[in-house]
Every structure is written in structure tokens, then in C-alpha cells.
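Participant: Starting off with a structure, shown below.
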Amino acid sequence: MQVRSVALGLACASWLTLSGCQTATEPPLNATGDTISLRIVRMDGGSGSALVSNGIPLPKGKLDSSNIAHVVLAVAGVEQAIHVEALAGTWPDGSIRSLLVQFPYTVSTGSPIAALLIMGPSVTRSTADLPKTAVTWNMPAAAALPTSPTYLVSTDVVGRTITRAASPTSAIFTTYENDFVTYGDQHWATEAGIWDYDYYDRVLIWYAWWVRTGDPEYWRRAAIDAIAYREQYVKPTYIMQPHEAQLEGLALHYLLTGDEGSRYAVARVAAIFADIWTPVLDCPTCSGGEYVEGRIQARTLQSHYLSWMISAVGDEPRNWAALMATDVTKILNTQGADGSYRFVQWEGAHSNYMTGLMHDMMIKYYTYVQADARIPTAIKKTLDWMWSTQWLSAAQSFKYVSDSMSTGDPSPAPDLNLLIVTGYAWYYMYSGNSTYKTEADAIFAGGVNQAFLTGYKQFNQNYTSSYRYLFYRQ
């Protein structure tokens with residue numbers, strides 16, 4: 001983690017020396033505390049004075065709201081007058097998830113400037129705080145972003161993962177990492193800022209690769225695609241089918257920009273899902289219940305989890321924690337005795353990839369909300385059943401569905417492997433049973449080797465959650 005205790009004199013990062021370091025004309029700041037290295041990056045293509053404005057994610061336990069006064073931002077050893085506030089949503093221990101920081105600074109496109117965020121009991125701002133500027137823009141003129149992937153990974157802002165540099169060096173992982181850059185750039189060149197291409201949450205994917213690499217270009221892409229999805233599709237009704245709900249990227253957009261429009265959008269969609277889908281998640285004979293399947297279960301739970309995470313409020317308050325608990329119980333009620341999840345919508349068949357989506361949300365609930373003892377037991381039962389009956393060893397793939405249907409058949413679907421792999425890796429981490437790591441690695445290899453990454457949907461499916469597998473398999 002690039003957080004260290006220092007006495008500040010001149011703060012100029014070595015990576016800045018080619019473009020020159022800002023030189024202080026005022027006495028250097030003297031303060032001792034934990035520091036987060038930042039770089040001020042011009043985001044709007046301009047130059048000159050700009051309002052720097054963005055959220056800075058914090059690890060659990062790093063800072064609580066009573067210590068906001070003990071936060072200072074410095075450039076070249078000179079304290080800057082800032083506006084700083086805790087964004088909505090705290091970790092379960094009450095500590096802050098993200099800080100909104102705003103200040104003016106002169107920065108040009110292509111010439112980032114080193115800065116430090118310092119916090120600690122001995123740190124006190126000596127400048128008058130600036131008033132908040134409402135976040136009403138699509139892209140901030142500039143942003144002060146953490147530089148260290150190790151630090152960013154430690155914040156868990158995109159969930160558990162590892163840095164790109166820490167990725168294993170064997171061929172399959174190298175292919176996975178390199179393919180992301182190659183095909184990510186190709187998709188961006190023709191699909192940027194068009195909401196349709198956010199299917200399976202490309203906004204989340206860009207943010208995850210910003211965290212894993214520290215490359216501000218991915219942060220910029222995420223902000224552009226988040227606004228496109230929200231403004232072109234989610235608004236004005238906030239009514240959508242669950243398969244079109246790409247809400248994690250929107251929740252992160254709020255935490256990393258302070259844009260209340262994204263926080264409100266998450267809450268509005270979550271409230272609608274609470275009214276329409278939560279009551280029928282385990283009731284196929286109820287009105288509307290015949291349409292329920294694993295993806296609807298996953299997206300309903302996800303909407304309530306994200307609203308809880310960022311303390312989202314729509315048109316009326318909701319008890320997101322209670323809704324999540326209800327969702328979890330109802331979802332578990334639909335598990336068969338053999339571990340499968342069969343639905344009327346799938347003509348009584350089990351969908352392997354939709355179960356993978358649901359497992360991903362159950363893992364988040366277990367990890368960050370409540371360690372419900374039913375969840376590992378249920379996940380294990382399903383993983384074992386899927387491996388023994390759904391995994392096609394010769395094809396290195398799961399079946400698309402468990403049984404023949406009028407809408408499909410149990411043929412291999414390797415392009416969906418990476419929507420399933422996280423559950424196996426997580427259960428390895430949870431249990432310590434290396435069988436699940438072996439299975440996870442086989443699932444991953446089959447998915448990477450047979451990926452169809454020129455397809456925008458398949459690219460998104462491959463990368464929307466598999467970066468968490470990298471952590472859990474360790």
C-alpha cells in the first residue's frame with residue numbers, strides 16, 4: 001500500500017521529472033501523517049486553471065467523519081485550500097468509503113502534477129476551507145487520482161482483486177491481461193459513450209482496471225460511459241428489466257466523482273426492484289414470479305446491496321439491509337435438493353451462468369454485509385452439482401443450460417465461463433480445499449482460451465467479475 005508516514009518538505013514524484021516539478025514559492029508544509037500519493041490529471045482536454053474535483057476511495061478503518069479536519073492536500077510541499085467532505089455511505093465500522101476533494105489548480109492535458117493527501121491526528125488545515133461546488137458536469141476539468149494500484153486495491157472499491165503487476169506470469173494469465181488491453185482499446189475506439197455497450201457493466205470494468213493499474217485513462221473511460229448509461233437509458237423513468245441494470249458502475253461513479261445523479265439513479269431502480277421483484281423471488285406461481293430466474297435474483301439483490309453501500313435515497317427512504325436479508329432468504333429458498341436452481345422461465349432448467357451471477361452477489365453479501373452461515377453451504381452444494389453434472393471436460397466449458405429447451409440446449413458455452421469462475425475461487429479461499437482452486441483454474445483457462453472478445457457483450461462478460469477470481473485463487 002502506498003501509504004506512508006512522512007514529514008513533508010518538497011513532494012515531487014520521480015515520474016514527474018520529465019515534464020518538470022512544481023516548485024514552491026511559499027514555505028514548505030510541515031506535517032506528519034499517512035499520505036496517499038496522487039496525480040492531478042487534466043480530464044477535459046484543456047489547459048490553465050481548472051477545478052480539480054473527484055472522490056478518493058479509502059480503505060475500511062482509514063478515516064471517520066469526526067477526523068475530516070485532519071486531512072490536508074499538498075502540491076510540491078505547499079498546502080492547498082480545499083473543500084473536503086465524506087461522501088455518503090460508510091464501511092460497516094462507520095469509517096468513510098470515499099472523500100470528495102475539490103480545489104483549483106493550473107494543469108495541462110498530458111502533464112500530470114504530483115500531489116499528496118495527508119491525514120492523521122497531528123494534521124490540521126491552515127487554510128480556509130473552500131465552499132463546495134455542486135457536481136453538475138459530465139466530466140470534471142481535472143481529477144486528483146491515487147497513483148498506486150497497491151493502494152487502490154486495498155480500498156476494495158471494486159471488490160477484492162489484485163494489481164495487474166501481481167497477476168501470475170503463466171501464459172494463461174498473460175493472455176487474459178493482454179487481451180483486455182487489446183480488445184478494450186478496440187471496443188473503446190467505436191463504442192465509447194454509447195449506453196448499449198454497457199451491457200454487463202463496462203463502467204465497472206473500466207473502474208476495475210483503473211484500480212488494478214492506476215492508469216487514469218480507465219477512470220476517464222468509466223466516467224464517460226457511466227454518464228452515457230445514466231442519461232441515455234436509465235433516465236427519466238428509472239424503469240428497466242433487470243438484465244439491463246448495470247448499477248455497480250453507477251454506484252462507483254458516485255463514490256469516485258460525488259455525482260448525486262448516479263446515487264439517486266441507483267436508489268430509484270432499487271426501489272422499483274423492491275416493489276416488483278423482491279416479493280416474487282421465490283414464488284413462481286405469483287403474478288410475475290414466472291419470469292424470475294437467477295439473473296433477476298442477482299440484480300435485485302445487487303440493487304439493494306449497492307443502495308446500502310452508498311446510503312442511497314430515492315423518492316422515499318428504504319431499509320436496504322432488511323431488503324437484502326429478505327432477498328437472500330428468498331433466493332436460497334429456490335435451491336433444489338441437488339443444489340440446482342430451476343425456474344419456470346427456463347422451462348425447469350438450471351442456468352449455469354446466471355447462477356454464477358447470483359453467487360457473485362451472495363459472496364458480496366457474505367463478505368461485506370452479513371456472514372450468513374447458509375451461504376457457503378448453499379454455494380458448495382451448487383458448485384459440486386454443477387461440476388459433476390454441468391462441466392464438459394472435453395470442451396473445458398459448462399453447459400449453457402442443464403437440459404434441452406425450446407430456447408436452447410445443453411451445449412458448451414465457454415464464453416460464459418468467467419461469469420461462473422469467481423464462486424469456485426471464493427469457495428477455495430473460504431474452505432482451503434484446493435479442489436475448488438483446481439476447478440476454478442480449469443474454468444478460467446477454458447474461458448480465456450476460447451474467448452470471443454470481438455463481441456462487445458462477450459468482452460464485458462469475460463471481464464465484469466473475473467478480476468475478483470484473481471484475488472480469491474491466491
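Participant: Restricting the search to segment 344-358, which residues are part of a loop (DSSP other than H, G, I, E, B) and under 18 Å from I420 (Cα atoms)?
Facilitator: First, pick out the residues of segment 344-358 that are part of a loop (DSSP other than H, G, I, E, B): 347-349.
Once the filter is applied, which keeps residues that are part of a loop (DSSP other than H, G, I, E, B) and under 18 Å from I420 (Cα atoms), segment 344-358 yields only A349.
Participant: Right, here's the next one. So how many residues does segment 64-96 have that are assigned to a strand (DSSP E or B) and open to solvent by 30 Å² or more (accessible area, probe 1.4 Å)? Working first, answer last.
Facilitator: Kept after step one, since they are assigned to a strand (DSSP E or B), are these residues of segment 64-96: 71-75, 78-79, 83-86, 90, 96.
Going one step further and asking which of them are open to solvent by 30 Å² or more (accessible area, probe 1.4 Å), we end up with 85-86, 90.
Adding up the residues that qualify gives 3.
Participant: Would you please name the residue that is farthest from R220 (Cα to Cα), looking only at residues in segment 258-269 that are in contact with a Gly (Cβ under 6 Å, 6 or more places away or on another chain) and open to solvent by less than 30 Å² (accessible area, probe 1.4 Å)?
Facilitator: A267
Participant: Out of all the residues in segment 294-312, is one or more within 28 Å of S95 (Cβ to Cβ), assigned to a loop (DSSP other than H, G, I, E, B) and either open to solvent by less than 10 Å² (accessible area, probe 1.4 Å) or charged (D, E, K, R) (or both)?
Facilitator: yes
Participant: Please verify whether R164 is open to solvent by 60 Å² or more (accessible area, probe 1.4 Å), within 30 Å of D360 (Cβ to Cβ) and not aliphatic (A, V, I, L, M), treating the condition exactly as stated.
Facilitator: Values: open to solvent by 60 Å² or more (accessible area, probe 1.4 Å): yes; within 30 Å of D360 (Cβ to Cβ): yes; not aliphatic (A, V, I, L, M): yes.
Judged against the criteria, R164 is a match.
Participant: Which ones in segment 137-171 are of a type in the set (G, A, S) and either assigned to a loop (DSSP other than H, G, I, E, B) or in contact with a helix residue (DSSP H, G or I) (Cβ under 8 Å, 6 or more places away or on another chain) (or both)? So that I can check it myself, show each step before the final result.
Facilitator: Start the filter on segment 137-171 by keeping residues that are of a type in the set (G, A, S), which leaves 141-144, 148, 154, 159, 165-167, 170-171.
Those that are of a type in the set (G, A, S) and either assigned to a loop (DSSP other than H, G, I, E, B) or in contact with a helix residue (DSSP H, G or I) (Cβ under 8 Å, 6 or more places away or on another chain) (or both): A141, A143, S148, G159, A165, A166, S167, S170.
Participant: Hey, another quick one. Search segment 187-200 for residues that are touching a residue at least 12 places away in the same chain (Cβ under 8 Å) and charged (D, E, K, R) and pair each with any residue that is crowded, with 16+ Cβ neighbours inside 10 Å and part of a loop (DSSP other than H, G, I, E, B) when their beta-carbon atoms are under 7 Å apart and the residues are at least 6 apart or on different chains.
Facilitator: Listed pairs, sorted by first residue: D198/Q246.
Participant: One residue is enough: does segment 232-255 have a residue meeting the conditions under 20 Å from S311 (Cα atoms), hydroxyl-bearing (S, T, Y) and in contact (Cβ under 8 Å) with a residue 24 or more places away in the chain?
Facilitator: Yes, because at least one residue in segment 232-255 is under 20 Å from S311 (Cα atoms), hydroxyl-bearing (S, T, Y) and in contact (Cβ under 8 Å) with a residue 24 or more places away in the chain.
Participant: Look through segment 112-128, keep the residues that are surrounded by fewer than 18 Cβ atoms within 10 Å (Cβ to Cβ) and in contact with a helix residue (DSSP H, G or I) (Cβ under 9 Å, 6 or more places away or on another chain), and return whichever of them is nearest to V158 (Cα to Cα).
Facilitator: Taking segment 112-128 first, the residues surrounded by fewer than 18 Cβ atoms within 10 Å (Cβ to Cβ) are 120-122, 124, 126-128.
Narrowing further to those that are in contact with a helix residue (DSSP H, G or I) (Cβ under 9 Å, 6 or more places away or on another chain): 120-122, 124.
Numbers: G120: 25, P121: 28, S122: 31, T124: 30 Å.
In this case the residue turns out to be G120.
Participant: State which residue is surrounded by the most Cβ atoms within 10 Å (Cβ to Cβ) when the search covers only segment 180-196 and only residues that are of a type in the set (D, E, K, R) and within 20 Å of the chain's Cα centre (by Cα). It would help to see each step written out before you state the result.
Facilitator: Applying the first criterion (of a type in the set (D, E, K, R)) to segment 180-196 yields 185, 191, 196.
From what is left, the residues that are within 20 Å of the chain's Cα centre (by Cα) are 185, 196.
Numbers: D185: 10, D196: 13.
Among those residues, the one meeting the criterion is D196.
Participant: While we're here: I'm trying to understand the selection: among the residues of segment 14-58, which are modelled with pLDDT under 95, part of a loop (DSSP other than H, G, I, E, B) and not hydrophobic (A, V, I, L, M, F, W, C)?
Facilitator: T17, S19, G20, Q22, T23, T25, E26, P27, P28, N30
Participant: Something else now. State which residue is farthest from D93 (Cα to Cα) when the search covers only segment 360-383 and only residues that are of a type in the set (A, V, I, L, M) and buried (at least 21 other Cβ atoms within 10 Å of the Cβ). Quick ask: steps written out before the conclusion?
Facilitator: Within segment 360-383, the subset of a type in the set (A, V, I, L, M) is 361-363, 369, 371, 373, 375, 378-379, 383.
The next check asks that each one be buried (at least 21 other Cβ atoms within 10 Å of the Cβ); those that pass are 361-363, 379, 383.
Details: M361: 21, M362: 21, I363: 19, I379: 27, L383: 32 Å.
Within segment 360-383, the match that is farthest from D93 (Cα to Cα) is L383.
Participant: Something else: Return yes or no: is E217 among the charged types (D, E, K, R) and open to solvent by less than 60 Å² (accessible area, probe 1.4 Å)? Break it down stepwise before answering.
Facilitator: Details: among the charged types (D, E, K, R): yes; open to solvent by less than 60 Å² (accessible area, probe 1.4 Å): yes.
Yes, satisfied.
Participant: Looking for whichever is closer than 19 Å to Y229 by Cβ, over 14 Å from the mean Cα position of the chain (by Cα), of a type in the set (V, I, T) and surrounded by fewer than 24 Cβ atoms within 10 Å (Cβ to Cβ) here; the options are I276, I272. Which one fits? Quick ask: steps written out before the conclusion?
Facilitator: Working: I276 fails: closer than 19 Å to Y229 by Cβ.
The unique qualifying residue is I272.
The values are calculated or read from the model by the stated rules, or taken from the named source; none is laboratory data. Computed from a predicted model, the values in this text were never measured in an experiment. Positions of Cβ are generated from backbone atoms using ideal geometry, with glycine treated the same way; all protein chains shown enter the neighbour counts. When the accessible area is computed, the model is the full protein with side chains, heavy atoms only, and any ligands, DNA or RNA have been set aside. Shrake-Rupley method; radii C 1.70, N 1.55, O 1.52, S 1.80 Å.
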